[in-house]
Amino acid sequence: MQKYEKLEKIGEGTYGTVFKAKNRESGEIVALKRVRLDDDDEGVPSSALREICLLKELKHKNIVALYDVLHSERKLTLVFEHCDQDLKKYFDSLNGEIDSDVVKALMYQLLRGLHYCHSHNILHRDLKPQNLLINKTGELKLADFGLARAFGIPVRCYSAEVVTLWYRPPDVLFGAKLYTPSIDMWSSGCIFAELANAGRPLFPGSDVDDQLKRVFKLLGTPTEDTWPGMCSLPDFKPFPLYQPSLSLSQVVPKLSTRGRDLLQKLLICNPSGRMSAIDAMNHLYFTDLNPAVKA
């Protein structure tokens, strides 16, 4: 720890405090995520171990880099690359206006980071603006892999207590224990709409029922025909048969026709119908993306 000079506290993570610090040798600014190890604990929290293991594997420009792991008797410190702000703070600085090219660039980078995770059999499972970091040059990076899981064959049952409520897909809200990268694709759709609306959340539900009602009022209530197997999900309960009440042009008025088409393909209640990250990256919406972003 002598190598780093702490500068300021920047936040609380899933399981510890995050500080901005400076590497005394190189002068580089880093983020230190400190995990307290309690006496009565069974050592290192599983979420911290999981994040360390996954981030050691994942090396990509749209995923936050883990530089080092420092371990002492009482605490574990993860040394990350430092980014200036998260997407939530970025939204707060916008005053309700965002440039459509910025929306496109950030969304593309989110999808590219997700495609990298999914192609390495990793589900993030907790995508939200607070877990997307943006650096000075406008690069977006996925962070906070404390809930992430490796997935693969055979299919395993996972916890349904994942993904912050506003970004949680209907299958998980209904208690689904088996899921695929589609869980992250729903969250990315919610974040896309929030980007287009300069930080206004799409489905700000107060509890699970309210969350599902908001989704179904916008998209229409799914049925066993449109989503086979829905009624047999562990926490399924019937909802009124809402017809789609608003067109997406009313919900995301600043988004282009192509952008709304992409959004529609991400926000599909039946998880098997949701677009994959790589297909989303190849969507016509990104045809005129700044080539520098694709590089």
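Are there any pairs, at least 6 apart or on different chains, whose C-beta atoms fall under 7 Å, with the first in the stretch 7-21 and under 20 Å from residue 74 (Cα atoms) and among the small types (Gly, Ala, Ser) and the second outside any strand (DSSP E or B) and modelled with pLDDT of 80 or more, and if so, which?
Note: pairs meeting the criteria are 13/144.
Scan (1) under 23 Å from residue 112 (Cβ atoms); (2) part of a loop (DSSP other than H, G, I, E, B); (3) among the β-branched types (Val, Ile, Thr) for the single condition residue 278 breaks and write down its number.
For residue 278, the failing item is (2).
Restricting to the stretch 103-128, what's the tally of residues that are under 17 Å from residue 274 (Cα atoms) and aromatic (Phe, Trp, Tyr)?
Residues that pass the stated criteria total 1.
Output the residues belonging to the stretch 269-295 that are out of contact with any Phe, Trp or Tyr (no Cβ under 8 Å at 6 or more places or on another chain), among the hydrophobic types (A, V, I, L, M, F, W, C) and in contact (Cβ under 8 Å) with a residue 60 or more places away in the chain.
Those that are out of contact with any Phe, Trp or Tyr (no Cβ under 8 Å at 6 or more places or on another chain), among the hydrophobic types (A, V, I, L, M, F, W, C) and in contact (Cβ under 8 Å) with a residue 60 or more places away in the chain: 275, 277, 278, 280.
Give the number of residues within the stretch 83-100 that are open to solvent by 40 Å² or more (accessible area, probe 1.4 Å), under 29 Å from residue 68 (Cα atoms) and not in a helix (DSSP H, G or I). Full working, then the answer.
Looking only at the stretch 83-100, we keep the residues that are open to solvent by 40 Å² or more (accessible area, probe 1.4 Å), and these are 84-85, 88-90, 92-93, 95-97, 99-100.
Next, from what is left, pick out any that are under 29 Å from residue 68 (Cα atoms): 84-85, 88-90.
Narrowing further to those that are not in a helix (DSSP H, G or I): 84-85.
Residues meeting the conditions: 2.
Scan the stretch 229-244 and tell me whether some residue there is open to solvent by less than 30 Å² (accessible area, probe 1.4 Å), within 30 Å of residue 138 (Cα to Cα) and either out of contact with any helix residue (DSSP H, G or I) (no Cβ under 7 Å at 6 or more places or on another chain) or in a helix (DSSP H, G or I) (or both).
Taking every residue of the stretch 229-244 in turn, none turns out to be open to solvent by less than 30 Å² (accessible area, probe 1.4 Å), within 30 Å of residue 138 (Cα to Cα) and either out of contact with any helix residue (DSSP H, G or I) (no Cβ under 7 Å at 6 or more places or on another chain) or in a helix (DSSP H, G or I) (or both).
Of the residues in the stretch 101-131, how many are outside any loop (DSSP other than H, G, I, E, B) and either of a type in the set (Ser, Thr, Tyr) or farther than 12 Å from residue 184 by Cβ (or both)? Steps first, please.
Taking the stretch 101-131 first, the residues outside any loop (DSSP other than H, G, I, E, B) are 101-119, 122-123, 129-131.
Next, only the ones that are either of a type in the set (Ser, Thr, Tyr) or farther than 12 Å from residue 184 by Cβ (or both) stay: 101-109, 112, 116, 119, 129-130.
The total comes to 14.
Anything in the stretch 253-266 that is under 20 Å from the mean Cα position of the chain (by Cα) and either open to solvent by less than 10 Å² (accessible area, probe 1.4 Å) or without any contact (Cβ under 8 Å) to a residue 12 or more places away in the chain (or both)? List them, or say none.
Just the residues of the stretch 253-266 that are under 20 Å from the mean Cα position of the chain (by Cα), to begin with: 259-260, 262-266.
Once the filter is applied, which keeps residues that are under 20 Å from the mean Cα position of the chain (by Cα) and either open to solvent by less than 10 Å² (accessible area, probe 1.4 Å) or without any contact (Cβ under 8 Å) to a residue 12 or more places away in the chain (or both), the stretch 253-266 yields 259, 262, 263, 266.
Quick check, is residue 293 farther than 22 Å from residue 112 by Cα, at pLDDT 95 or above and surrounded by 14 or more Cβ atoms within 10 Å (Cβ to Cβ)? Let's see the steps before the verdict.
Working: farther than 22 Å from residue 112 by Cα: no; at pLDDT 95 or above: yes; surrounded by 14 or more Cβ atoms within 10 Å (Cβ to Cβ): yes.
For residue 293, the condition - farther than 22 Å from residue 112 by Cα, at pLDDT 95 or above and surrounded by 14 or more Cβ atoms within 10 Å (Cβ to Cβ) - is not met.
Quick check on my filter: what residues within the stretch 46-77 are part of a strand (DSSP E or B), open to solvent by less than 30 Å² (accessible area, probe 1.4 Å) and closer than 25 Å to residue 106 by Cβ?
We begin by selecting, within the stretch 46-77, every residue part of a strand (DSSP E or B); these are 63, 66-71, 75-77.
Keeping just the survivors that are open to solvent by less than 30 Å² (accessible area, probe 1.4 Å) gives 63, 66, 76-77.
Matches in the stretch 46-77: 63, 66.
The values are calculated or read from the model by the stated rules, or taken from the named source; none is laboratory data. Computed from a predicted structure; not experimentally measured. Quick reminder, even Gly has a Cβ in these numbers, built from the backbone with ideal geometry, and neighbours come from all protein chains shown. Quick note on the areas: whole protein, heavy atoms, side chains included, nothing else; ligands and nucleic acids left out. Shrake-Rupley method; radii C 1.70, N 1.55, O 1.52, S 1.80 Å.
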